[in-house]
Amino acid sequence: MTRLMFLAAAVFLLSAPASASQGDKEPVYRDCVKQCVRTNCTGARLRGFQSAQPPYMALTGWTCRDDCRYQCMWTTVGLYQAEGYSVPQFHGKWPFARFLCFEEPASALASLLNGLACLLMLLRYRSAVPRQSPMYHTITAFSLVSLNAWFWSTVFHTRDTYLTEKMDYFCASAVILYSIYLCCVRTLGLRRPAISSMVGVLLILAFTSHVSYLTFVSFDYGYNMAANATIEKYHVTGVQWGLNAVSY
């Protein structure tokens, strides 16, 4: 398991970055945004936009520039479809039709329901399992980490900003890494606490490296996806290895 964690940390540190999304690289999209902002987001037109904007849009931070990006995204999508090309991604995401203030209404609802299900199961677990149980605190902590991730997922799919995007991605990575720690504690840590403690330290280092790279080097969507997919793959392998170790 220790070797596995070193491999995971190496993946976080050495994965090559991928290119940006096709849609937001398009000159037609960039020119459209510039023209829209120059035309609609200054002077009297800006004041008119703000006075006509619904309160729920203002409360969730939608600005004139954001609205220009949204409108230009669909203009670019229309041009792609007219030429027979597939719909591109914009800023690492597929385009979705906005509903009220929700940028991705179906995803926001799904995240909210997942969070509620997680909260319900946590409450049931705490009411049915004694606090003295060996895994009680570890599982409770994992539930709280998961709840935090679903909260930020809901916020992010409601309103995509610099902060909410990073919190969604970082918290999702935390859930994956904590699930590895939970597996380690369940399979080996109850008998050998030192092993789970060492794995926990390695996972914290891996998470810190991952977050630091995305924050201070490059917020690369391809790298983030590849890193989470790779660690999840090793997680499944680790579960199988751990179960085999326990059986022996």
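Among the residues of segment 92-104, are any over 25 Å from the mean Cα position of the chain (by Cα) and either at pLDDT 85 or above or closer than 30 Å to residue 213 by Cα (or both)?
No, because not a single residue in segment 92-104 is over 25 Å from the mean Cα position of the chain (by Cα) and either at pLDDT 85 or above or closer than 30 Å to residue 213 by Cα (or both).
Would you say residue 154 is at pLDDT 90 or above, over 30 Å from residue 192 (Cβ atoms), assigned by TED's automatic domain parsing to the domain that holds residue 206 and in contact with a helix residue (DSSP H, G or I) (Cβ under 9 Å, 6 or more places away or on another chain)?
yes
May I ask you to verify whether residue 87 is among the hydrophobic types (A, V, I, L, M, F, W, C), surrounded by 13 or more Cβ atoms within 10 Å (Cβ to Cβ) and closer than 27 Å to residue 204 by Cα?
Here the answer is no, as residue 87 does not meet what is asked.
In this structure, does residue 134 turn out to be in the same structural domain as residue 164 (by TED's automatic domain parsing) and modelled with pLDDT under 85?
Spelling it out, residue 134 is indeed in the same structural domain as residue 164 (by TED's automatic domain parsing) and modelled with pLDDT under 85.
From the set of residues in segment 90-124 that are surrounded by 12 or more Cβ atoms within 10 Å (Cβ to Cβ) and of a type in the set (Lys, Arg), which is nearest to residue 158 (Cα to Cα)?
98
Name the one entry in 90, 49 that is aromatic (Phe, Trp, Tyr), closer than 28 Å to residue 151 by Cα and not assigned by TED's automatic domain parsing to the domain that holds residue 216.
Step by step, each of 90, 49 is checked, and only 90 is aromatic (Phe, Trp, Tyr), closer than 28 Å to residue 151 by Cα and not assigned by TED's automatic domain parsing to the domain that holds residue 216.
The values are calculated or read from the model by the stated rules, or taken from the named source; none is laboratory data. It should be emphasised that the depicted structure is a prediction, and the values quoted were computed from it without experimental measurement. Every residue, glycine among them, receives a Cβ derived from its backbone with ideal geometry; neighbour counts consider all protein chains shown.
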